[in-house]
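Engineer: Following this message is one structure expressed as structure tokens.
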Amino acid sequence: MTTSPRRRASLTRQAAVAAIAGLALAGCGADPAPSTAPAVPMPAEPAAPSAETIQWTDSVCGALVPVAEGLADPPEFDITAPDAARTAYLSYLAQAQSAADRALESVAAAGAPPVEDGGEIAAEVREDITELRDDLADARTQLEQTRGDDPAAIGRSVVAAGNLIGALGNHAKALSALDGEPRLDAAFSQAAACEQLRNVETPWR
């Protein structure tokens, strides 16, 4: 399992504190002796994110907020009115798909963040949004192929779409390229739109 830079820094810091404490305890009640142990360097604190990095991260989160908000309120399925339920879910999926399309355009226009391998991060974000959009389109197509007078078939499609949207929650809630990416972690914490994205109440939470 790969250990994140933040985790490695934390472990190094803990090891340094333990080494210093051990040396202090060993010297209690005895004459001090010259130590030949090399000093343990403390790791440098990570640099604060630049204004440009925060701006990029904020713009990407801002593009994702409408997607998350659109998915946050699925319609109720009324088995006594299957055709109306089908229409409501088709509208819901179409709107979410359109929001994902707009998000993809916004993220593409934002370019890459000014961090190491920023182009790869931006490509990963675009790939995640593309997958989300395509999965929404698949769910919509599946529901479009059902008959309005067949409540069982509509129910199965709605359940399948609901399961799909639940699985997509990880994409909409926090893309791995933003939340948990060490090079963007501080910017993600400071960007106002990212805070808004975290606060969207979604069905998969």
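Engineer: Please tell me if residue 175 is part of a loop (DSSP other than H, G, I, E, B) and either crowded, with 20+ Cβ neighbours inside 10 Å or modelled with pLDDT of 85 or more (or both).
Structural biologist: Criteria met by residue 175.
Engineer: Working only within the stretch 60-74, note down all residues that are surrounded by fewer than 18 Cβ atoms within 10 Å (Cβ to Cβ) and part of a helix (DSSP H, G or I).
Structural biologist: Within the stretch 60-74, just 69 meets the criteria.
Engineer: Would you be able to tell me the number of residues in the stretch 56-91 that are within 22 Å of the chain's Cα centre (by Cα) and free of Cβ contacts under 8 Å to residues at least 40 places away in the same chain?
Structural biologist: Result for the stretch 56-91: 3.
Engineer: Could I ask something else about it? Could you pull out the residue among 123, 152, 99, 94 that is over 22 Å from the mean Cα position of the chain (by Cα) and surrounded by 13 or more Cβ atoms within 10 Å (Cβ to Cβ)?
Structural biologist: Going through 123, 152, 99, 94 in turn, just one is over 22 Å from the mean Cα position of the chain (by Cα) and surrounded by 13 or more Cβ atoms within 10 Å (Cβ to Cβ): 94.
Engineer: Check residue 77 against each of (1) under 29 Å from residue 183 (Cα atoms); (2) not in a helix (DSSP H, G or I) and name the one condition it does not meet.
Structural biologist: (1)
The values are calculated or read from the model by the stated rules, or taken from the named source; none is laboratory data. Remember, predicted model here, so these are calculated numbers, not experimental data. Cβ: placed from backbone, ideal geometry, glycine included. Neighbour counts: every protein chain shown.
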